[in-house]
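The values are calculated or read from the model by the stated rules, or taken from the named source; none is laboratory data. Because the structure is a prediction, the values reported are computed rather than measured. Every residue, glycine among them, receives a Cβ derived from its backbone with ideal geometry; neighbour counts consider all protein chains shown.
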């Protein structure tokens, strides 16, 4: 970064220049500063002290701070603190802005997927009527295997209720038996 320091009613010494350059190098930890970026510093002397003004034009935007103080070095430190606060606020603002946009897009995608799933759930694709033939469990399993289905509905010959046999994920079979409704 290039540094231009001008003093009004004040001569800028080498120590002042070096201290200001060292303090302004903090910007590198926040974002990449290009070599052609210029930091303009103006130091004005008044009756009750000095005013330290720094203006930096970056890709991100303009950083500016003015600090009145009695001591030059203290004014530099206070100005750097103000610049750091500006950068933090700007970064927070940007991250919130983009975070909100990203979260909104994410929520829109999820809502669209949920709507599609709800639409799929709400639509009955096919309706089929069956006669729950009377048979025992072994015959129901054999019919289910012959039809290559994962379940089979039948009327149990012993209990005379509608039952369902099904293939379990572990390779076995399961049976759902209905209870008669007592009014």
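Annotations for the structure displayed:
- Flag if residue 120 is part of a helix (DSSP H, G or I), at pLDDT below 65 and outside the structural domain of residue 167 (by TED's automatic domain parsing): yes
- Matching residues, region 42-60, being at pLDDT below 90 and in contact with a helix residue (DSSP H, G or I) (Cβ under 7 Å, 6 or more places away or on another chain): 60
- Residues of region 23-41 classified as surrounded by fewer than 16 Cβ atoms within 10 Å (Cβ to Cβ) and modelled with pLDDT of 90 or more, total: 1
- Filtered by the rule that a residue be within 43 Å of the chain's Cα centre (by Cα) and over 18 Å from residue 142 (Cβ atoms), region 165-183 gives 169, 170.
- For residue 139, the test of being modelled with pLDDT of 85 or more and closer than 30 Å to residue 16 by Cβ is failed.
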